[in-house]
Each structure stands twice: as C-alpha cells, then as structure tokens.
Amino acid sequence: MKTHELCYIGHITLDKVVTPKRTVHIPGGTSYYFSQAICGFDDIRYLMVTAVGKTELDVIEQLRAKSIEIITKPSRYSVCFENIYEENQDNRTQKVSAKADPFRLKHFSDIEAGIYHLGTLLADDFPIEVFPYLAAKGLVAVDVQGYLREVRDEQVYLIDWDDKLQALLYIHFLQCNELEMEVLTGYTEVKKAAQQLYDWGVKEIIITLGSMGSVIYDGQTYHRIPAYTPKEIVDATGCGDTYMTGYLYQRAKGHSPQEAGRFAAAMSTLKIERSGPFQGTKKDVQTCMQTAEQHFPEI
C-alpha cells in the first residue's frame, strides 16, 4: 500500500486579489487552496510538498496546525501574484512580481503516493523529467495553467506549452479551462479539444467552463458536469484549485468521473461564496449538490 493516497506538489504564493468589491492580501497558490480545502476530509492520507521563502514559513506552520503533513523545500523567494477580476469573475488578469526556485527530481525520491498532483504556477516550476519519474510511481495529475504562463515585465501572457507532447504521455488527469484548452490544442470546441488531448496521451481530461459547468472526457464518454449557482459571488480565486481538490479526492476514493465532477463543482460553488480557501465539509458539499440550482454545459 502506498504511504499516501494523494500528494500535492507546488508552491505557496503571496496573493493580492483585486475585485470590484474589495482588495485583499492573502496566501495563495494551488498548493494553499488545495491543502486548505482537503482539511475537511479526514479519511484520506494526504501529503503536501512545497517550497517557500523564509518570510512565508509561518503559513506552513498554520497548515501543519490543521494536521496537514507537509514537506518543505528551501527557496530564496516565494511566488508573488496579483489577481485582478472584472465584475464577471470568469475574467481575470494577472501580474507576477517574484518567482520561487523550481523543484528537482531529488525532492521526490522518498515520496510514495497513489496520485501525484503537480500544481504548476509558472512554466519552469518542474523539469520535463518529472513526468516519467512520477508516472512510474503513481498516477500524475496536472493543472496546466502554469505551463501556459509567460511572464514579461510582470505581466502574464498565455503561450503554448513547448514540451506538451513529451509530458502529456505521462499525465493521467489534466485540468484546463476553455482558454487553456484552445492554446494547447488549437480547438475552441470542447469535444475536439478533449479528443486531441486524449490522443496525445492524457487518460482523463477535465475542462472547466466557469459558470457554465465542466466536461470530463475519459476516452469513451463526455461527462457533462453542472455548475451549481452560488448564493453570492465574492471571490473566484482558487475555484479551479478547489475543483481539482474535490475531483482527485473522489477519484482517490474510487468514485467515477461523473460523481467526482459533481462533487468538485459543488465545492467550487461553496468556495466562490467567500474569500480565501474552501472551509466546508463533505456534508456541506452534499447539501449544495442537493439544493442549488444546476446549469449543464452545452457541448
């Protein structure tokens, strides 16, 4: 049996979140939102591997106080992001004012997990060799957003992933949104993009469509996952990270892509109703699935 069912690997960031209603300064990054969200589930063996600057070590201790197992690697700096949202929080612009040191293969030599989730923030976070290395040890999950980010004069631009054909061969779960799928594949149609990613080697493609829902393709079925209507839209930062938390948690526990997707979508709805990471429970998620209005994507 693997020591851990699920291992997240990625940087914690310093985030400035600007919305029409407020501006807040909070810890962030996929690793932070993912790990905070999974705190509500005490039935999974979870490990977080991260790298932060010395000024963010207090965030690590706050997470450890919540019984999260963490391995910390040294870095000269932490990643600093500025997320600026329009009234429609599906629309976001970003700036990056500092970068952390990249991860190396030696950082993972003693880790054994069923699923390894790489929460990439910037294209050079992980070397290409990490994919076959981790795929030989377990299933690899990737949030593709970081591989498509190029930072020029602190501004973030979407670009294609140079090493995608090498990396995608080893990725079991791939998450992207509609803009990222177009950059990756050249297709604007969900079905064509998902099929292309599957043909390139990915086993499960998760395409999130914001308030329109999401689609999961496993090579046989296009699973249409509804969006659950939130009571109030407060802050969309970390919604994609929260979705992937719910999805991988459910898949690690043996649930189907359809079941995992619905659970993940409900988690994202609860997260968007407040600033900061998801703080709910499985019961909260189940209640949302049963009571919230649903909107299924058209594909």
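The values are calculated or read from the model by the stated rules, or taken from the named source; none is laboratory data. This structure is a prediction, so every number in the text was calculated from the model and none was measured. Cβ placement follows ideal geometry from the backbone for every residue including glycine, while neighbour counts extend to all protein chains displayed. SASA here: full protein model, heavy atoms, side chains in, ligands and nucleic acids out. Shrake-Rupley method; radii C 1.70, N 1.55, O 1.52, S 1.80 Å.
Data table
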quantity: Filter result for TYR33 (in contact with a Ser or Thr (Cβ under 7 Å, 6 or more places away or on another chain), closer than 22 Å to LEU209 by Cα and open to solvent by 10 Å² or more (accessible area, probe 1.4 Å)); calculated: no
quantity: Residue within segment 71-80 that is of a type in the set (Val, Ile, Thr) and free of Cβ contacts under 8 Å to residues at least 60 places away in the same chain present; calculated: yes
quantity: Residue that is at pLDDT below 95 and within 24 Å of SER31 (Cα to Cα), where the choices are ILE216, ILE233; calculated: ILE233
quantity: Lone unmet requirement of (1) surrounded by 14 or more Cβ atoms within 10 Å (Cβ to Cβ); (2) touching a helix residue (DSSP H, G or I) at 6+ places or on another chain (Cβ under 7 Å); (3) not polar (S, T, N, Q) for VAL79; calculated: (2)
quantity: Residues of segment 136-162 that turn out to be open to solvent by 20 Å² or more (accessible area, probe 1.4 Å) and hydroxyl-bearing (Ser, Thr, Tyr), as a count; calculated: 1
quantity: Count of segment 136-148 residues which are part of a loop (DSSP other than H, G, I, E, B) and either touching a residue at least 60 places away in the same chain (Cβ under 8 Å) or among the small types (Gly, Ala, Ser) (or both); calculated: 2
quantity: Test: residue in segment 39-58 that is polar (S, T, N, Q), open to solvent by less than 20 Å² (accessible area, probe 1.4 Å) and in contact with a strand residue (DSSP E or B) (Cβ under 9 Å, 6 or more places away or on another chain); calculated: yes
quantity: Residue selected from segment 149-179 under the condition outside any strand (DSSP E or B) and either basic (Lys, Arg) or touching a Ser or Thr at 6+ places or on another chain (Cβ under 9 Å) (or both), by the criterion nearest to THR245 (Cα to Cα); calculated: GLU178
quantity: Candidates TYR222, TYR249, TYR243, filtered to the one that is closer than 20 Å to ALA292 by Cα and not small (Gly, Ala, Ser); calculated: TYR243
quantity: Search result, residues across segment 16-30 that are in contact (Cβ under 8 Å) with a residue 60 or more places away in the chain and surrounded by 22 or more Cβ atoms within 10 Å (Cβ to Cβ); calculated: VAL17, GLY28, GLY29, THR30
quantity: Check on GLU259, surrounded by 15 or more Cβ atoms within 10 Å (Cβ to Cβ), under 25 Å from PRO27 (Cβ atoms) and of a type in the set (Asp, Glu); calculated: no
quantity: Criterion violated by THR269 - all others in (1) out of contact with any strand residue (DSSP E or B) (no Cβ under 7 Å at 6 or more places or on another chain); (2) surrounded by 20 or more Cβ atoms within 10 Å (Cβ to Cβ); (3) of a type in the set (S, T, N, Q); (4) within 24 Å of LEU6 (Cβ to Cβ) satisfied; calculated: (1)
quantity: Unique residue being part of a helix (DSSP H, G or I) and aliphatic (A, V, I, L, M) when the list is ILE115, ILE60, ILE84; calculated: ILE60
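Here is a yes/no grid of residues against (1) loosely packed, with under 15 Cβ neighbours inside 10 Å; (2) modelled with pLDDT of 95 or more; (3) within 20 Å of the chain's Cα centre (by Cα); (4) among the small types (Gly, Ala, Ser):
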site	(1), (2), (3), (4)
PRO226	no, yes, yes, no
ASP241	no, no, yes, no
ALA264	no, yes, yes, yes
SER275	no, no, yes, yes
THR281	yes, no, yes, no
MET289	no, yes, no, no
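Here's the yes/no breakdown for (1) over 18 Å from the mean Cα position of the chain (by Cα); (2) closer than 19 Å to GLY28 by Cβ:
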residue	(1), (2)
LYS95	yes, yes
ALA98	yes, yes
ASP101	yes, yes
ARG104	yes, no
ILE115	no, no
LEU122	no, yes
TYR147	no, yes
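Per-residue answers, yes or no, for (1) touching a helix residue (DSSP H, G or I) at 6+ places or on another chain (Cβ under 6 Å); (2) closer than 25 Å to GLU293 by Cβ:
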residue: LEU165; (1), (2): no, no
residue: HIS172; (1), (2): no, no
residue: GLU189; (1), (2): no, no
residue: ALA194; (1), (2): no, no
residue: TYR198; (1), (2): no, no
residue: GLY201; (1), (2): yes, no
residue: ILE216; (1), (2): yes, yes
residue: ALA227; (1), (2): yes, yes
